[in-house]
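Colleague: This is the structure, below, for whatever I ask next.
Derivation of every value follows stated rules applied to the coordinates shown; laboratory data play no part. Since this is a predicted model, take the numbers as computed values, not measurements. Note that each Cβ is placed from the backbone with ideal geometry, even for glycine, and that neighbours are counted across all protein chains shown.
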Amino acid sequence: MSLRLFVIYCALIGGLCSYVGWAAGLSITSEGFLRAAYKGMFAGTLIGAGLSLLDSIWNGRSLTFTFCHTLVAAILAGVGGIIGGIIGEFLFNIHSSLIIAGWLFTGLLIGIAISTFEILISLNNNQAKIFAISKALKCMAGGAMGGLLGGGIFYSVLLFWVARFGPGIFWTPAAIGFSVLGICIGLFIGLAQVLIKEAWVRVENGRWQGKELILAKSVSVIGRKEGCEIALFGDRNLAPEHACIRRRENGFYLADLDSPDGTYLNKKRVREETLLQSDDIIQAGATKLKFLEKTKNRS
């Protein structure tokens with residue numbers, strides 16, 4: 001999956017999960033704080049679970065990591081949705097235009113929830129912690145922008161569309177607003193990964209051709225073992241842990257991990273840790289990877 005496609009999927013999943021969450025909240029028939037809390041909870045839980053699951057799958061995370069990441073994000077985003085829903089309802093009762101501020105707060109809390117797990121597991125690794133915090137700040141900004149835009153569209157529809165055409169059962173101002181909220185949160189959280197990337201690899205052939213993976217950790221292992229940062233399942237010539245790319249202060253280095261068939265860089269076998277340059281071709285097993293770098297820090 002390319003980075004561009006990943007961002008599109010984030011937006012689509014965010015919008016779908018948000019709409020389904022809103023629809024589930026209709027089980028509470030009476031308007032008020034309880035219904036607002038239920039809608040926020042369902043939408044937040046589904047957005048948090050959907051985006052964190054996609055993020056983990058895209059990055060080739062282990063089943064344990066994926067489960068924990070998804071669970072933590074779903075719970076925290078659900079709580080954030082409840083708080084945001086109640087605040088939004090309170091502000092709406094003061095003046096209908098203040099609902100925008102409530103939705104902004106809801107999006108902000110969901111953005112925090114999605115990135116919390118990665119911060120917690122990176123506390124003992126300075127490089128990973130810096131990356132996780134940077135990603136979290138952009139997720140928070142994306143969530144807030146999504147909430148602001150969703151709230152603005154909600155209020156606009158409330159004023160103009162319903163006054164002229166009347167609300168539908170499953171397509172009310174709230175439904176439109178929730179959908180836009182989810183789309184924008186997903187979009188900006190997806191963009192957060194693209195914006196903070198320094199280096200990444202793109203698969204050039206085989207089953208995973210076109211897939212792009214960001215080198216976010218200090219060590220990214222290439223292999224077919226579950227849990228490898230660059231997981232290439234299906235390549236029988238690839239060792240479970242075949243090679244790795246290490247982040248140093250002056251760049252990224254490729255090293256072979258005593259694999260039976262060896263690792264090649266630009267058709268030359270790697271016998272010691274070698275500094276990578278942008279557009280280098282790495283061959284591990286039958287798979288070729290292109291190393292790409294956004295910024296170069298060379299001493």
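Colleague: Which peptide among 264-271, 103-110 comes first, and what is the full order, when sorted by highest mean count of other Cβ atoms within 10 Å?
Modeller: My ranking of the peptides, most packed first, is 103-110, 264-271.
Colleague: Round to a whole angstrom and tell me the spacing of the C-alpha centers of segment 233-271 and segment 9-53.
Modeller: Using only Cα atoms, the two centres lie 43 Å from each other.
Colleague: Semi-axes of segment 22-130's equivalent ellipsoid from the Cα gyration tensor, sqrt of 5 times each eigenvalue, largest first, rounded to whole Å?
Modeller: 30, 15, 9
Colleague: Of the listed peptides 211-224, 79-92, what is their order by residue-averaged count of other C-beta atoms within 10 Å, with the highest listed first?
Modeller: The peptides rank, most packed first, as 79-92, 211-224.
Colleague: Output the pairs from K138/K268; K129/K290; K217/K267; K217/K290; K217/K268; K225/K268 with a Cα-Cα distance over 28 Å in this structure; if there are none, say none.
Modeller: K138/K268
Colleague: Treat every Asp and Glu Cβ in segment 1-121 as -1 and every Lys and Arg Cβ as +1, leave all other atoms uncharged, and give the resulting dipole magnitude about the Cα centre to the nearest 20 debye.
Modeller: The dipole magnitude comes to about 140 debye.
Colleague: Any idea how far apart N124 and R246 come out in nm if each label point goes 7 Å out from Cα toward Cβ?
Modeller: Computed distance between label sites N124 and R246 equals 2.0 nm.
Colleague: What's the angle, to the nearest 10 degrees (0 to 90), between helix 173-196's Cα axis and the longest principal axis of the chain?
Modeller: Taking the Cα atoms of the chain, the angle to 173-196 is about 20 degrees.
Colleague: Hey, what angle do you get for helix 99-121 against the long axis of the chain, alpha-carbon based, 0 to 90 degrees rounded to 10?
Modeller: It is inclined by approximately 30 degrees.
Colleague: Could you work out how far helix 63-94 tilts from the main Cα principal axis of the chain, as a 0 to 90 degree angle to the nearest 10?
Modeller: 30 degrees
Colleague: With +1 on each Lys and Arg Cβ and -1 on each Asp and Glu Cβ, how big is the dipole of the chain about its Cα centre, in debye rounded to the nearest 20?
Modeller: Using only the charged Cβ atoms, the result is roughly 480 debye.
Colleague: For Cα Rg over 2.2 N^0.38 Å, which listed value, [x] 1.04; [y] 1.09; [z] 1.14, comes from the coordinates shown?
Modeller: [z]
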